[in-house]
Amino acid sequence: MWQRFKRDRTGVICAWVVIFYFVVALGAPLLTKLSGTDPYTLYGQDPTYADKPVLDDFGLPLGYFGGVSGDHWFGVEPQFGRDLFAMLVYGMRTSLFMALGVTVLMMVTGIVLGLIGGYFGGKTDYWLGRVTDFFLSFPQQLFFIAFMPVVTSFFVDPREETPTYFRALAMLIVLWVLGWMSMSRLVRSTVLSLREREFVEAAKVSGASPARIIRKEILPNVVTPILVQFTYTLPSTILTIAFLSFAGVGFVEPTPDWGRLFAAGATYTQQDPAFIFFPGLALVIFVLAFNLLGDSVRDAFDPKSGR
């Protein structure tokens with residue numbers, strides 16, 4: 001598989017692009033230190049920076065393309081003057097690692113339930129299937145918007161501001177609860193075709209326990225669909241987190257987030273269309289690279305496929 005993947009130039013390039021994004025997210029504090037900016041300072045309103053104005057009298061960035069300069073590499077935010085480069089790299093940090101945690105939880109839950117239902121069958125598979133059908137019946141996008149305030153209202157007084165860590169935890173719970181079903185269905189269907197194979201029957205005859213058969217015989221044979229599904233689920237989760245923040249039920253001011261940048265960009269689009277350029281370009285490149293990486297991983301695992 002590794003040899004086939006290395007020969008796929010598109011897959012290798014996309015893998016490096018994805019790695020670059022995670023390195024940038026990890027190194028966000030260092031990068032903003034190098035640029036001399038941070039995502040929270042209002043450079044257009046703070047008197048400390050009055051000698052270096054970044055906004056005009058109408059609150060629009062001075063200079064070209066949203067105020068791009070040596071001090072502000074991607075320009076500044078209209079009205080407030082926050083540095084867009086710092087907001088973007090910290091927003092990538094928030095979105096990528098939030099999505100990574102949610103995706104891992106969804107994958108683990110789906111794998112465990114899919115293995116149990118597919119291997120044991122019978123009533124176990126029936127009831128797990130009904131639970132899966134129940135969660136699949138929820139309209140996810142609408143339910144995300146409706147359920148997020150409900151989750152936070154149980155633990156936070158409506159008169160108080162919801163802490164950022166609790167918003168992150170609520171988003172993680174909602175996305176996890178409503179996102180594991182496709183992985184479970186995929187693993188279950190694969191296990192159903194594997195449990196009747198000769199090597200599984202041989203393991204049963206030899207006296208191996210169900211746990212050992214699942215761990216040693218079946219699980220290694222479902223690694224391929226799991227990895228491929230992971231490469232498709234992660235960018236989808238990032239888009240969902242961005243959507244929640246865009247809709248106002250995810251991360252809010254002043255937490256940097258990709259979705260919040262798009263929400264702000266929608267407000268500034270008429271006055272400063274350049275504001276949305278760098279966040280939009282970064283998101284499109286990442287999602288495209290991860291989807292192409294998923295195709296390359298699938299082709300590398302499947303010797304019968306070819307480009």
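The values are calculated or read from the model by the stated rules, or taken from the named source; none is laboratory data. Please read these numbers as outputs of a predicted model, since none were measured by experiment. Backbone-built Cβ (ideal geometry, glycine too); neighbour counts: all protein chains shown. Ligands, DNA and RNA are excluded from the accessible area calculation, which covers all protein heavy atoms including side chains. Shrake-Rupley method; radii C 1.70, N 1.55, O 1.52, S 1.80 Å.
With Cα atoms defining each centre, region 275-300 and region 136-203 are spaced 24 Å apart in the structure.
A straight line joining the Cα centroids of region 89-127 and region 3-77 runs 33 Å. Considering only SER206, TRP176, VAL191, and ranking their Cα positions along the charge dipole of region 1-301 that arises from unit charges at the beta-carbon of Lys, Arg, Asp and Glu, the one farthest toward the positive end is SER206. Here the label points at GLU196 and PHE5, each 7 Å from Cα along the C-beta direction, are separated by 3.2 nm in the simple model. With respect to the chain, whose longest principal axis is taken over its alpha-carbon atoms, helix 223-246 is tilted by about 30°. Annotation: amide H of LEU55 within the under-5 Å range of LEU62, sequence separation 5 or more or interchain, hydrogens built in the peptide plane. If each Cα of the chain is one equal point scatterer, what is log10 of I(q)/I(0) from the Debye formula at q = 0.08, 0.10 Å⁻¹? Values, matching the q order: -0.47, -0.69. A straight Cα-to-Cα reach below 18 Å connects LYS204 with the aspartates and glutamates GLU196, GLU217, residues fewer than 8 places away in its own chain not being considered. Heavy-atom accessible surface of the chain, averaged per residue, reaches 53 Å², computed with a 1.4 Å probe.
The alpha-carbon of LYS6 sits under 30 angstrom from the alpha-carbons of these lysines, leaving out residues fewer than 8 places away in its chain: LYS216, LYS304. Between the Cα long axis of helix 181-194 and the first principal axis of the chain there is an angle of about 30°, rounded to the nearest 10. Just to confirm the number: angle between the C-alpha axis of helix 9-26 and the first principal axis of the chain, 0 to 90 degrees, nearest 10? So the inclination is approximately 60 degrees. Taken one residue at a time, the phi angles of region 33-46 give Karplus couplings (6.51, -1.76, 1.60, θ = phi - 60°) of 5, 5, 7, x, 10, 8, x, 10, 5, 8, 5, x, 10, 6 Hz. Gly and Pro are set to x.
Extending 7 Å from Cα along the Cβ direction at LEU62 and again at GLU160 yields two label points whose distance is 4.3 nm. Expressed as a whole percent, the accessible surface of region 1-301 that belongs to carbon and sulfur atoms is 66, based on a 1.4 Å probe. Stretching ARG212 away from PHE143 to a fully extended chain increases their span by 21.0 nm, per 0.36 nm per residue minus the current alpha-carbon distance.
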